[in-house]
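The values are calculated or read from the model by the stated rules, or taken from the named source; none is laboratory data. The structure presented is a predicted model; accordingly, all values stated were derived computationally and were not measured. In this analysis, Cβ positions are derived from the backbone assuming ideal geometry, glycine residues included, and neighbour counts consider all displayed protein chains. These accessible areas exclude ligands, DNA and RNA; they are computed on the full protein's heavy atoms, side chains included. Shrake-Rupley method; radii C 1.70, N 1.55, O 1.52, S 1.80 Å.
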Amino acid sequence: MTTTARTAAEATGSGPTGEPAVAVRDLHQRYGDFEAVKGVSFEIHPGELFALLGTNGAGKTTTIETLEGFRRPSSGTVRVFGRDPHGQPSGVRERTNAVLQGSALMEDLSVRESLDLAYDLAADPRPTGEVLELVGLADKAKVLVRQLSGGQKRRLDLALALLTRPEVLYLDEPTTGMDAEGRIDTWRIIQGLKDEGTAVLLTTHYLEEAERLADRLAIMHRGEVGVEGTLEAVLSGWGDRVGFALAEDVRTADLPGLPGAELSVESRGDTLWVTYTVTGGDTELRAQHTVTALLEWASAHGTALRRLQVRGASLEDVFLQVADGAADLVGD
Amino acid sequence: MTTAAPVRTRRSPGTARQVLRLTRTEFTLFVRYKTAWMFLALPLFFAFIALQQPDDEIVAGFGMGEMTMISVMGITSLMLGMGHASNVFTSRREALVLKRFRVSGVSQPVIFGGIIGVVTVFSLLAVLLMALVILVPLGGSPPRDPLMALASVLLGSVVFTLMGLALTPLARTSESAQLVGMVPMMILFFASGGVFPLEFLPEDVRQVVGLIPSVPPAELMQAAYTGYDVFGGATGAEEKSYLGLWAAALPSIAIMLAWIALLALAVRRFFVWDPRKP
């Protein structure tokens, strides 16, 4: 029997200097002439969820597989608890786990048998009954895995990952195939893991999932990170939008120029839609300043701002911008 | 953000205990897989066929049919190791199951140990079944050296399971794994010396063929059963003392250990865990 005793600092993965549980520095992954990952860097601290978003083939899974220890970096470094994870060395493998991109289950075992096996192989497992309750599969314990629905299989994938009490957890599209209730349950479980101090790396195609859970996020496209930062910083970098339908008696040339705001006009059916995208400055008040200026302008010119809208940028706006290859337009 | 977590002491169950636990699940799965029963039935079928051979006595008390059957007992793990192991590990790789074991902290030796364990268990059960159901009613006696018989099954199980695992990178589905494994399995079966006695080959050729991994376990089982030094051919073999038989068996054991070392390196170097190609 092997026993690994750890100090409090080691247990959280953070030493006195607050070292990250996961550190990726200038990671490159090349396969022949094809470069799947081009200089990706990020850190994940205990209790933090870092979301890695991106289009299909952006390099997210390759990055996760490198962290899981299946691929050696072409260049750059990855560290988990300060160690190279390649080959899953002892001391790292017992403290990490993952939900893989696809369901990874033995179809001829029952739910209970699958969890019992994981329990008996693990170094410091949670009780299987607790995990079954947590993922909502307690009433399916005796059911063969092959008889579960796609969403129930994803719940079991998550249960197997939770069972080993990972300090670092990689979640590769964990809610794909789940219904809305399953997704919300999963978000609650992930939030609970964060509260326990687990460092989580999440990839997802559900942007709402990242918005709800991520402390920080990065959006990848063609192997590169287009945008990275906290959700608030990413969205504020993209700016607030003030829009209205242009009155028929106003020419576009008459629209005012406003400091810190970029004007665009597009045709929507029979009307012209005006959008002022406000970036920089005081992120708390910049939308208000723009609206005030526009109202003053409208009053002075005796016109109306019809269907006036004010909204912040959504993650989808940023995502699509990165996917279109215009990431450089978006600040951190 | 939370940065405090309770201090945990992680007690690993230990490799041997994990291997035994995984072998237990492999046993459950084997019983539930229809294809696995086919691989188990193959040596029983070949053993039955072997008994149909002429009953000319080769060594004292053992006819040609019995000697052939005993050699089949020695390579029971050939069908199970190359058939079952390559089959299930290919399908598990494609289903991400192997990868999940790895990311869950299960080490490679444990994962491979579990499948070697179940091949060993079912090979032993099949050998016992053949001995009890077929040999004993025909007047056959128990093996003169049960330990050597056990060594034949144990070493054979390791060699052929590793060989089955080494084949998995060549297949993308369990069906193609069966096809990929069938040709070398049949070559090894017919070259084992049980079906076609090797002593009729020229000496140089016989010595080279003797290096094939299916020959030593078959000869070990024949020697274990008869107490005769059948290594190099049963015709004219001499009866040996307990230690004398083990001394005669050493080269065969060395060949199997060499194969185990070679195949373990090949599996370590070439085994593919991930179905995803870059």
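With +1 on each Lys and Arg Cβ and -1 on each Asp and Glu Cβ, how big is the dipole of chain A about its Cα centre, in debye rounded to the nearest 20?
Approximately 580 debye in magnitude.
What's the center-to-center distance, using Cα atoms, between the range A:245-294 and the range A:15-62 in Å?
Between the Cα centre of the range A:245-294 and that of the range A:15-62, the gap is 38 Å.
Measure out, as a whole number of angstrom, how far apart the alpha-carbon centroids of the range B:246-273 and the range B:115-135 sit.
The range B:246-273 and the range B:115-135 have Cα centres spaced 21 Å from each other.
Using a/c under 1.5 as the rounded threshold, could you call the range A:48-117 rounded, prolate or oblate? The axes a ≥ b ≥ c are square roots of the C-alpha gyration tensor eigenvalues, and prolate needs a/b larger than b/c, oblate otherwise.
Judged from the Cα gyration tensor, the range A:48-117 comes out oblate (a/c at least 1.5, b/c at or above a/b).
Where is the GNM fluctuation largest for chain B (alpha-carbon springs, 10 angstrom cutoff): B:192, B:107, B:123?
B:107
Note down the accessible area of residue A:324, probe 1.4 Å, to the nearest 10 Å².
120
Tell me the mean residue ellipticity at 222 nm calculated for chain A from its helices only (DSSP H runs of n ≥ 4, each -39500 (n - 2.57), averaged over every residue, nearest 500).
Here the helix-only value at 222 nm equals -9500 deg cm²/dmol.
Can you give the Rg/Rh ratio of the range B:15-270, where Rg is from the C-alpha atoms and Rh is the Kirkwood radius?
Dividing the radius of gyration by the Kirkwood radius yields 0.98.
How would A:216, A:307 rank on accessible area, largest to smallest, probe 1.4 Å?
Ranked from most to least accessible, the order is A:307, A:216.
Normalise the Debye intensity by I(0) for the range A:100-187, one equal point scatterer per Cα, no solvent, then take log10 at q = 0.14, 0.21, 0.26 Å⁻¹ and round to two decimals.
Evaluating at q = 0.14, 0.21, 0.26 Å⁻¹ gives log10 I(q)/I(0) of -0.42, -1.00, -1.53.
Listed highest first by mean packing, meaning other Cβ atoms within 10 Å per residue, what order do B:214-225, A:166-177 come in?
B:214-225, A:166-177
Please figure out what share of the DSSP beta bridges in the protein assembly as shown is antiparallel and state it in percent, rounded to the nearest 5.
Values: 47 of 65 bridges.
Close to 70 percent.
Under the classification rounded if a/c is under 1.5, otherwise prolate if a/b is larger than b/c and oblate if not, where does the range A:145-224 fall, given a ≥ b ≥ c as square roots of the Cα gyration tensor eigenvalues?
oblate
Could you rank A:31, B:228 by how accessible they are, 1.4 Å probe, largest area first?
Values: A:31 55, B:228 35 Å².
The residues order as A:31, B:228, largest area first.
Take every DSSP beta bridge whose two residues both sit in the range A:8-234, then give the antiparallel share in percent to the nearest 5.
55
Taking every eigenvalue of the Cα gyration tensor of the protein assembly as shown, multiplying by 5 and rooting it, what semi-axes result, largest first, whole Å?
66, 23, 21
Name the residues whose placed amide hydrogens come within less than 5 Å of the amide hydrogen of residue A:312, ignoring near sequence neighbours (fewer than 5 apart) on the same chain.
Amide H neighbours of residue A:312, under 5 Å, 5+ apart: A:241.
How high is the FRET efficiency between residue B:27 and residue A:311 when r is their beta carbon distance and R₀ equals 51 Å, given to the nearest 0.05?
Computed FRET efficiency for residue B:27 and residue A:311 comes out at 0.25.
Can you give the average number of partner chain beta-carbon atoms within 10 Å of each beta-carbon in peptide A:102-112, as a whole number? The partial results should precede the final answer.
Working: counts 7, 4, 10, 4, 11, 5, 6, 4, 1, 0, 0.
Partner Cβ neighbours, averaged per residue: 5.
Need one value: the accessible area of residue A:93 in square angstrom, 1.4 angstrom probe, rounded to the nearest 10.
Rounded to the nearest 10, that gives 60 Å².
Which of the helices in chain B, when you take each full DSSP H run, stretch at least 27 Å along the axis at their Cα atoms and have an average Kyte-Doolittle score of -0.5 or higher?
Helices passing the filter in chain B: B:108-129, B:146-167, B:242-270.
Could you tell me the center-to-center distance, by alpha carbons, between the range A:153-217 and the range A:80-132 in angstrom?
Between the Cα centre of the range A:153-217 and that of the range A:80-132, the gap is 15 Å.
Relative to 2.2 N^0.38 Å, what does the C-alpha radius of gyration of the range A:229-332 come to as a ratio? Two decimals please.
Dividing the Cα radius of gyration by 2.2 N^0.38 Å gives 1.11.
Springs between alpha-carbon atoms under 10 Å, Gaussian network over chain B: tell me which of B:101, B:39, B:122 tops the mean-square fluctuations.
B:101
Counting other C-beta atoms within 10 Å, and keeping those with at most 11, which DSSP coil GluC sites (Glu not before Pro) do you find in the range A:183-266?
Here the sparse-neighbourhood loop sites are A:248.
Note the direction-averaged projected area, equal to a quarter of the hull surface, for the Cα convex hull of the range A:8-234, in nm².
Hull-based average projected area comes out at 12.3 nm².
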